[in-house]
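Asks: Have a look at this one.
The values are calculated or read from the model by the stated rules, or taken from the named source; none is laboratory data. Nothing here was measured: the structure is a model prediction, and the numbers come from that model. With ideal geometry, Cβ positions are generated from the backbone for all residues, glycine too; neighbour counts draw on all protein chains shown.
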Amino acid sequence: MATFTVKIAGSERSFSVRDDETLLEGALRQGVMLPYSCKNGTCGSCKGTVLSGSVNYPHHPAQALEPGDAEVGLALLCQAVPCSDLVLEVREIEAVRDIPVLKLPARVAEKSLLADNVVKLVLKLPRAQRLQFLAGQYIDILLPEGKRRAFSIASSPAREGEIELHVRHVEGGGFTGWVFHEMEPRAILRLEGPLGTFFVRHDEPKRPMIMMGGGTGFAPLKSMIEDLLAHGDTRPLHLFWGARTQEELYQEDLIEQWVAEHDHITYTSAVSDQCDERPQKGFAGFVHEAVLHAYDDLTTHDVYMSGPPAMIDAARHAFVEHGCREDRLFYDSFEFGSDVPVSILAKPH
(Lines give C-alpha, C1' and ligand atoms only; values in the text may rest on other atoms or scores of the structure.)
Protein backbone atom coordinates (compact mmCIF):
# COMPACT_ATOMS: atom_id res chain seq x y z
CA MET A 1 0.00 0.00 0.00
CA ALA A 2 1.51 3.31 -1.07
CA THR A 3 1.26 6.49 1.00
CA PHE A 4 1.52 9.99 -0.42
CA THR A 5 2.13 13.36 1.21
CA VAL A 6 -0.28 16.24 0.62
CA LYS A 7 0.91 19.76 1.38
CA ILE A 8 -1.54 22.64 1.68
CA ALA A 9 -0.29 25.66 -0.26
CA GLY A 10 0.29 28.79 1.81
CA SER A 11 0.33 26.77 5.03
CA GLU A 12 2.77 24.72 7.06
CA ARG A 13 0.22 21.92 7.26
CA SER A 14 0.60 18.61 5.47
CA PHE A 15 -0.97 15.17 5.82
CA SER A 16 -0.54 11.68 4.41
CA VAL A 17 -3.06 9.83 2.24
CA ARG A 18 -3.04 6.14 1.42
CA ASP A 19 -3.68 5.05 -2.15
CA ASP A 20 -6.88 3.29 -1.02
CA GLU A 21 -8.54 6.37 0.49
CA THR A 22 -9.70 9.74 -0.77
CA LEU A 23 -7.95 13.01 -0.02
CA LEU A 24 -10.83 14.02 2.25
CA GLU A 25 -10.72 10.74 4.18
CA GLY A 26 -6.98 11.09 4.73
CA ALA A 27 -7.32 14.69 5.87
CA LEU A 28 -10.16 14.00 8.30
CA ARG A 29 -8.39 10.94 9.67
CA GLN A 30 -5.54 13.23 10.75
CA GLY A 31 -7.67 16.09 12.04
CA VAL A 32 -7.23 18.35 9.01
CA MET A 33 -10.63 19.94 8.48
CA LEU A 34 -11.37 20.55 4.81
CA PRO A 35 -14.78 21.70 3.49
CA TYR A 36 -17.22 18.93 2.56
CA SER A 37 -20.88 18.04 2.60
CA CYS A 38 -22.40 15.20 0.54
CA LYS A 39 -19.30 12.93 0.31
CA ASN A 40 -20.59 11.45 -2.96
CA GLY A 41 -19.19 13.90 -5.51
CA THR A 42 -22.38 15.76 -6.39
CA CYS A 43 -22.35 19.01 -4.41
CA GLY A 44 -18.92 20.52 -5.08
CA SER A 45 -18.39 21.73 -1.50
CA CYS A 46 -15.01 19.99 -1.33
CA LYS A 47 -13.43 21.41 -4.49
CA GLY A 48 -9.73 22.17 -4.25
CA THR A 49 -6.98 22.93 -6.74
CA VAL A 50 -4.15 20.46 -7.36
CA LEU A 51 -1.10 22.66 -7.93
CA SER A 52 1.28 19.74 -8.42
CA GLY A 53 0.86 15.97 -8.60
CA SER A 54 -2.08 13.96 -9.92
CA VAL A 55 -5.26 12.24 -8.73
CA ASN A 56 -7.83 9.82 -10.11
CA TYR A 57 -11.42 8.81 -9.33
CA PRO A 58 -11.62 5.02 -8.93
CA HIS A 59 -14.77 4.90 -6.77
CA HIS A 60 -17.27 7.42 -8.08
CA PRO A 61 -17.35 9.89 -10.99
CA ALA A 62 -16.61 13.50 -10.15
CA GLN A 63 -20.10 14.69 -11.01
CA ALA A 64 -19.72 18.18 -9.53
CA LEU A 65 -16.75 19.05 -11.74
CA GLU A 66 -17.83 21.29 -14.59
CA PRO A 67 -16.35 21.30 -18.09
CA GLY A 68 -12.86 22.75 -17.91
CA ASP A 69 -12.47 22.31 -14.13
CA ALA A 70 -10.05 19.38 -14.36
CA GLU A 71 -7.94 21.21 -16.94
CA VAL A 72 -7.23 24.02 -14.44
CA GLY A 73 -6.46 21.55 -11.66
CA LEU A 74 -9.75 21.51 -9.77
CA ALA A 75 -10.52 18.24 -7.97
CA LEU A 76 -13.28 16.85 -5.76
CA LEU A 77 -11.51 15.92 -2.56
CA CYS A 78 -14.25 13.54 -1.39
CA GLN A 79 -13.67 11.33 -4.45
CA ALA A 80 -10.10 12.05 -5.58
CA VAL A 81 -7.46 9.42 -4.71
CA PRO A 82 -3.79 10.45 -4.96
CA CYS A 83 -1.49 9.00 -7.59
CA SER A 84 1.55 10.91 -6.27
CA ASP A 85 2.59 13.46 -3.67
CA LEU A 86 0.47 16.61 -4.00
CA VAL A 87 0.44 20.31 -3.34
CA LEU A 88 -3.14 21.34 -2.77
CA GLU A 89 -4.77 24.77 -2.66
CA VAL A 90 -7.83 24.51 -0.40
CA ARG A 91 -9.23 26.44 2.54
CA GLU A 92 -9.14 24.83 5.96
CA ILE A 93 -12.14 25.07 8.29
CA GLU A 94 -10.99 26.30 11.68
CA ALA A 95 -14.24 26.30 13.67
CA VAL A 96 -14.73 22.52 13.76
CA ARG A 97 -11.14 21.48 14.33
CA ASP A 98 -11.35 21.19 18.12
CA ILE A 99 -14.74 19.42 18.24
CA PRO A 100 -14.17 15.69 18.80
CA VAL A 101 -15.89 13.16 16.52
CA LEU A 102 -17.40 10.50 18.77
CA LYS A 103 -19.04 7.11 18.38
CA LEU A 104 -21.95 6.78 20.80
CA PRO A 105 -25.00 4.62 21.46
CA ALA A 106 -28.34 6.44 21.59
CA ARG A 107 -31.82 5.37 22.63
CA VAL A 108 -34.89 6.36 20.59
CA ALA A 109 -36.85 8.49 23.07
CA GLU A 110 -39.48 9.72 20.59
CA LYS A 111 -40.79 8.72 17.18
CA SER A 112 -43.55 10.84 15.66
CA LEU A 113 -44.87 11.69 12.19
CA LEU A 114 -44.21 15.19 10.89
CA ALA A 115 -45.71 14.41 7.46
CA ASP A 116 -46.83 11.31 5.60
CA ASN A 117 -43.24 10.69 4.50
CA VAL A 118 -41.23 12.35 7.30
CA VAL A 119 -40.74 11.08 10.84
CA LYS A 120 -39.13 12.91 13.75
CA LEU A 121 -36.74 10.92 15.91
CA VAL A 122 -35.43 12.18 19.24
CA LEU A 123 -32.35 10.24 20.31
CA LYS A 124 -31.35 10.23 23.96
CA LEU A 125 -27.60 10.10 24.58
CA PRO A 126 -25.96 8.21 27.46
CA ARG A 127 -26.36 10.03 30.78
CA ALA A 128 -22.68 10.84 31.22
CA GLN A 129 -21.95 11.83 27.61
CA ARG A 130 -22.71 14.83 25.42
CA LEU A 131 -22.36 15.43 21.70
CA GLN A 132 -20.75 18.79 21.09
CA PHE A 133 -21.61 20.11 17.62
CA LEU A 134 -22.14 23.24 15.57
CA ALA A 135 -25.69 23.95 14.41
CA GLY A 136 -25.92 22.68 10.82
CA GLN A 137 -23.67 19.62 11.22
CA TYR A 138 -24.83 16.03 10.82
CA ILE A 139 -24.32 12.54 12.24
CA ASP A 140 -23.92 9.11 10.69
CA ILE A 141 -26.10 6.25 11.93
CA LEU A 142 -23.84 3.19 11.99
CA LEU A 143 -25.41 0.05 10.54
CA PRO A 144 -24.30 -3.59 10.25
CA GLU A 145 -21.68 -4.61 7.67
CA GLY A 146 -19.99 -1.22 7.80
CA LYS A 147 -22.92 0.66 6.28
CA ARG A 148 -24.03 4.05 7.52
CA ARG A 149 -26.74 6.61 6.89
CA ALA A 150 -26.26 10.35 7.48
CA PHE A 151 -28.85 12.77 8.87
CA SER A 152 -28.63 16.44 9.71
CA ILE A 153 -29.18 17.38 13.33
CA ALA A 154 -32.44 19.34 13.58
CA SER A 155 -32.10 20.36 17.22
CA SER A 156 -30.11 23.20 18.75
CA PRO A 157 -26.77 22.44 20.45
CA ALA A 158 -28.39 23.81 23.62
CA ARG A 159 -30.56 20.69 23.91
CA GLU A 160 -28.06 18.77 25.98
CA GLY A 161 -28.39 15.03 26.13
CA GLU A 162 -30.58 14.54 23.05
CA ILE A 163 -30.61 15.17 19.32
CA GLU A 164 -33.50 15.49 16.88
CA LEU A 165 -33.52 14.04 13.36
CA HIS A 166 -36.01 14.40 10.48
CA VAL A 167 -36.05 11.14 8.49
CA ARG A 168 -37.67 11.07 5.06
CA HIS A 169 -39.04 7.72 3.90
CA VAL A 170 -37.43 6.68 0.63
CA GLU A 171 -38.96 3.95 -1.53
CA GLY A 172 -36.55 1.04 -1.56
CA GLY A 173 -34.57 2.47 1.35
CA GLY A 174 -33.94 -0.36 3.79
CA PHE A 175 -33.05 1.79 6.78
CA THR A 176 -35.77 4.41 6.33
CA GLY A 177 -38.33 1.64 5.71
CA TRP A 178 -37.28 -0.01 8.97
CA VAL A 179 -37.53 3.32 10.82
CA PHE A 180 -41.05 3.96 9.53
CA HIS A 181 -42.56 0.50 9.83
CA GLU A 182 -40.60 -1.54 12.37
CA MET A 183 -38.49 0.53 14.72
CA GLU A 184 -39.93 0.83 18.21
CA PRO A 185 -39.33 3.55 20.79
CA ARG A 186 -36.41 2.67 23.09
CA ALA A 187 -34.54 1.04 20.20
CA ILE A 188 -30.77 1.51 20.45
CA LEU A 189 -28.85 3.05 17.57
CA ARG A 190 -25.14 3.73 17.20
CA LEU A 191 -24.02 7.04 15.79
CA GLU A 192 -20.87 8.89 14.83
CA GLY A 193 -20.51 12.64 14.77
CA PRO A 194 -20.56 15.51 14.49
CA LEU A 195 -19.63 15.67 10.80
CA GLY A 196 -19.70 18.28 8.05
CA THR A 197 -18.65 21.90 7.62
CA PHE A 198 -22.09 23.46 7.23
CA PHE A 199 -22.53 25.99 10.04
CA VAL A 200 -23.19 29.71 10.49
CA ARG A 201 -20.16 31.95 10.06
CA HIS A 202 -19.89 34.77 12.59
CA ASP A 203 -17.43 36.98 10.74
CA GLU A 204 -17.55 40.72 11.26
CA PRO A 205 -19.27 42.72 9.98
CA LYS A 206 -22.32 40.46 10.18
CA ARG A 207 -24.28 40.38 6.94
CA PRO A 208 -28.00 39.70 6.35
CA MET A 209 -28.68 36.00 5.87
CA ILE A 210 -30.79 34.05 3.40
CA MET A 211 -31.46 30.46 4.41
CA MET A 212 -32.97 28.16 1.80
CA GLY A 213 -34.10 24.58 2.35
CA GLY A 214 -35.61 21.90 0.16
CA GLY A 215 -37.70 19.16 1.83
CA THR A 216 -35.93 17.78 4.90
CA GLY A 217 -33.12 20.21 4.12
CA PHE A 218 -35.10 22.33 6.60
CA ALA A 219 -33.59 20.26 9.46
CA PRO A 220 -30.11 21.85 9.68
CA LEU A 221 -31.59 25.31 9.06
CA LYS A 222 -33.93 24.77 12.02
CA SER A 223 -30.91 23.95 14.18
CA MET A 224 -29.10 27.06 12.94
CA ILE A 225 -32.05 29.39 13.55
CA GLU A 226 -32.74 28.04 17.03
CA ASP A 227 -29.05 28.44 17.90
CA LEU A 228 -28.97 32.02 16.57
CA LEU A 229 -32.06 32.89 18.62
CA ALA A 230 -30.55 31.31 21.73
CA HIS A 231 -27.51 33.57 21.35
CA GLY A 232 -29.50 36.75 20.69
CA ASP A 233 -28.29 37.13 17.09
CA THR A 234 -30.66 39.60 15.40
CA ARG A 235 -29.11 40.08 11.98
CA PRO A 236 -31.83 40.05 9.26
CA LEU A 237 -32.73 36.48 8.30
CA HIS A 238 -35.02 35.45 5.45
CA LEU A 239 -35.95 31.75 5.45
CA PHE A 240 -37.13 30.13 2.21
CA TRP A 241 -38.49 26.57 2.35
CA GLY A 242 -39.55 24.64 -0.72
CA ALA A 243 -41.25 21.31 -1.39
CA ARG A 244 -43.39 19.65 -4.02
CA THR A 245 -46.62 20.08 -2.05
CA GLN A 246 -47.85 22.25 0.80
CA GLU A 247 -48.20 19.17 3.04
CA GLU A 248 -44.45 18.53 2.82
CA LEU A 249 -43.73 21.83 4.60
CA TYR A 250 -44.20 19.99 7.85
CA GLN A 251 -43.25 22.54 10.54
CA GLU A 252 -44.67 25.82 9.32
CA ASP A 253 -46.38 26.40 12.68
CA LEU A 254 -42.94 26.63 14.28
CA ILE A 255 -41.71 29.03 11.59
CA GLU A 256 -44.79 31.22 11.99
CA GLN A 257 -44.03 31.39 15.71
CA TRP A 258 -40.47 32.55 14.95
CA VAL A 259 -41.78 35.24 12.61
CA ALA A 260 -44.39 36.43 15.10
CA GLU A 261 -41.90 36.69 17.96
CA HIS A 262 -38.84 38.06 16.11
CA ASP A 263 -38.98 41.08 13.82
CA HIS A 264 -35.72 40.21 12.08
CA ILE A 265 -37.03 36.88 10.69
CA THR A 266 -38.99 36.67 7.42
CA TYR A 267 -40.40 33.52 5.82
CA THR A 268 -41.37 32.56 2.27
CA SER A 269 -42.62 29.12 1.24
CA ALA A 270 -42.37 27.68 -2.27
CA VAL A 271 -44.41 24.82 -3.73
CA SER A 272 -43.41 23.39 -7.11
CA ASP A 273 -46.40 21.09 -7.78
CA GLN A 274 -49.39 23.42 -7.88
CA CYS A 275 -52.69 21.91 -6.74
CA ASP A 276 -55.76 23.65 -8.13
CA GLU A 277 -57.93 22.51 -5.24
CA ARG A 278 -55.99 24.53 -2.68
CA PRO A 279 -55.08 28.22 -2.60
CA GLN A 280 -51.38 28.94 -3.00
CA LYS A 281 -49.90 30.32 0.24
CA GLY A 282 -46.44 31.25 -0.94
CA PHE A 283 -44.40 31.24 -4.13
CA ALA A 284 -45.49 28.93 -6.95
CA GLY A 285 -42.33 27.31 -8.30
CA PHE A 286 -38.90 26.17 -7.20
CA VAL A 287 -37.49 27.56 -3.99
CA HIS A 288 -34.38 29.12 -5.54
CA GLU A 289 -36.68 30.98 -7.93
CA ALA A 290 -38.51 32.35 -4.90
CA VAL A 291 -35.21 33.71 -3.58
CA LEU A 292 -34.44 35.45 -6.88
CA HIS A 293 -37.99 36.79 -7.06
CA ALA A 294 -37.40 38.49 -3.70
CA TYR A 295 -33.73 39.46 -4.19
CA ASP A 296 -32.42 40.43 -7.60
CA ASP A 297 -29.09 41.48 -6.07
CA LEU A 298 -27.40 39.17 -3.54
CA THR A 299 -24.12 41.06 -3.15
CA THR A 300 -24.82 42.05 0.46
CA HIS A 301 -26.04 38.66 1.74
CA ASP A 302 -24.67 35.44 3.15
CA VAL A 303 -26.58 32.46 1.73
CA TYR A 304 -27.02 29.11 3.49
CA MET A 305 -28.84 26.34 1.64
CA SER A 306 -29.60 22.70 2.28
CA GLY A 307 -31.34 20.20 0.03
CA PRO A 308 -30.95 17.78 -2.88
CA PRO A 309 -28.09 18.17 -5.37
CA ALA A 310 -30.30 19.43 -8.24
CA MET A 311 -31.59 22.27 -6.07
CA ILE A 312 -28.12 23.16 -4.79
CA ASP A 313 -26.59 23.10 -8.27
CA ALA A 314 -29.29 25.29 -9.85
CA ALA A 315 -29.22 27.75 -6.96
CA ARG A 316 -25.45 27.96 -6.73
CA HIS A 317 -25.07 29.07 -10.35
CA ALA A 318 -28.07 31.40 -10.27
CA PHE A 319 -27.09 33.09 -7.02
CA VAL A 320 -23.52 33.77 -8.17
CA GLU A 321 -24.93 35.30 -11.35
CA HIS A 322 -27.00 37.59 -9.14
CA GLY A 323 -24.02 38.85 -7.18
CA CYS A 324 -23.57 36.37 -4.33
CA ARG A 325 -19.89 35.96 -3.52
CA GLU A 326 -18.85 32.32 -3.74
CA ASP A 327 -17.03 32.59 -0.42
CA ARG A 328 -20.31 33.74 1.19
CA LEU A 329 -22.34 30.83 -0.24
CA PHE A 330 -22.55 27.84 2.11
CA TYR A 331 -24.45 24.66 1.37
CA ASP A 332 -25.23 21.12 2.47
CA SER A 333 -26.18 18.78 -0.37
CA PHE A 334 -27.68 15.34 0.09
CA GLU A 335 -29.44 12.54 -1.70
CA PHE A 336 -30.46 8.98 -0.95
CA GLY A 337 -27.47 6.67 -0.63
CA SER A 338 -27.85 3.06 -1.78
CA ASP A 339 -25.91 0.18 -0.24
CA VAL A 340 -22.41 1.05 -1.42
CA PRO A 341 -19.03 1.03 0.38
CA VAL A 342 -18.80 3.43 3.30
CA SER A 343 -16.07 5.54 1.66
CA ILE A 344 -18.40 6.59 -1.17
CA LEU A 345 -21.70 6.68 0.67
CA ALA A 346 -24.12 9.51 -0.04
CA LYS A 347 -25.92 11.60 2.53
CA PRO A 348 -29.60 10.56 2.37
CA HIS A 349 -31.56 12.46 5.05
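Asks: Inside region 1-82, counting only strands (runs of 3 or more DSSP E) that do not spill past its ends, which hold 1 or more residues that are under 20 Å from the mean Cα position of the chain (by Cα)?
Replies: Filter on region 1-82 gives 47-52, 74-76.
Asks: Do the conditions hold for CYS46, that is, is it within 14 Å of VAL90 (Cβ to Cβ) and either in contact with a strand residue (DSSP E or B) (Cβ under 9 Å, 6 or more places away or on another chain) or crowded, with 17+ Cβ neighbours inside 10 Å (or both)?
Replies: Yes; evaluated as a whole, the condition is true for this residue.
Asks: With respect to the numbered conditions (1) out of contact with any Pro (no Cβ under 8 Å at 6 or more places or on another chain); (2) part of a helix (DSSP H, G or I); (3) crowded, with 23+ Cβ neighbours inside 10 Å, which one is the sole condition not fulfilled by PHE240?
Replies: (2)
Asks: If you don't mind, another one. Taking ALA154 and the conditions (1) under 18 Å from LEU113 (Cβ atoms); (2) of a type in the set (A, V, I, L, M); (3) without any contact (Cβ under 8 Å) to a residue 60 or more places away in the chain, which numbered condition does it fall short on, given that it satisfies the others?
Replies: (3)
Asks: If you don't mind, another one. Which one of these does ASP263 not meet: (1) assigned to a loop (DSSP other than H, G, I, E, B); (2) within 23 Å of HIS202 (Cβ to Cβ); (3) in contact with a helix residue (DSSP H, G or I) (Cβ under 8 Å, 6 or more places away or on another chain)?
Replies: Answer for ASP263: the failing condition is (3).
Asks: Here are some conditions: (1) at pLDDT below 95; (2) out of contact with any Cys (no Cβ under 6 Å at 6 or more places or on another chain). GLU321 meets all but one. Which one does it not meet?
Replies: Among (1) at pLDDT below 95; (2) out of contact with any Cys (no Cβ under 6 Å at 6 or more places or on another chain), GLU321 violates only (1).
Asks: Another question, if that's okay. List, please: which pairs have Cβ atoms under 6 Å, are six or more places apart or on different chains, and start with a residue in region 216-231 that is crowded, with 24+ Cβ neighbours inside 10 Å and end with one that is among the charged types (D, E, K, R)?
Replies: If the second residue must be among the charged types (D, E, K, R), the pairs left are THR216/ARG168; PRO220/ASP332.
Asks: List pairs: first in region 1-12 and surrounded by 10 or more Cβ atoms within 10 Å (Cβ to Cβ), second basic (Lys, Arg), Cβ under 7 Å, 6+ apart or cross-chain?
Replies: THR3/ARG18
Asks: Sticking with this one: Does LEU134 fit the bill of being buried (at least 19 other Cβ atoms within 10 Å of the Cβ) and either touching a strand residue (DSSP E or B) at 6+ places or on another chain (Cβ under 9 Å) or in the same structural domain as ARG190 (by TED's automatic domain parsing) (or both)?
Replies: For LEU134, the condition - buried (at least 19 other Cβ atoms within 10 Å of the Cβ) and either touching a strand residue (DSSP E or B) at 6+ places or on another chain (Cβ under 9 Å) or in the same structural domain as ARG190 (by TED's automatic domain parsing) (or both) - is met.
Asks: Could you list, in sequence order, the residues of region 176-208 that are closer than 28 Å to TYR304 by Cα, over 17 Å from the mean Cα position of the chain (by Cα) and not basic (Lys, Arg)?
Replies: Matches in region 176-208: THR176, HIS202, ASP203, GLU204, PRO205, PRO208.
Asks: Among (1) closer than 24 Å to GLY217 by Cα; (2) of a type outside the set (Phe, Trp, Tyr); (3) in contact (Cβ under 8 Å) with a residue 24 or more places away in the chain, where does VAL81 come up short?
Replies: The failed condition is (1).
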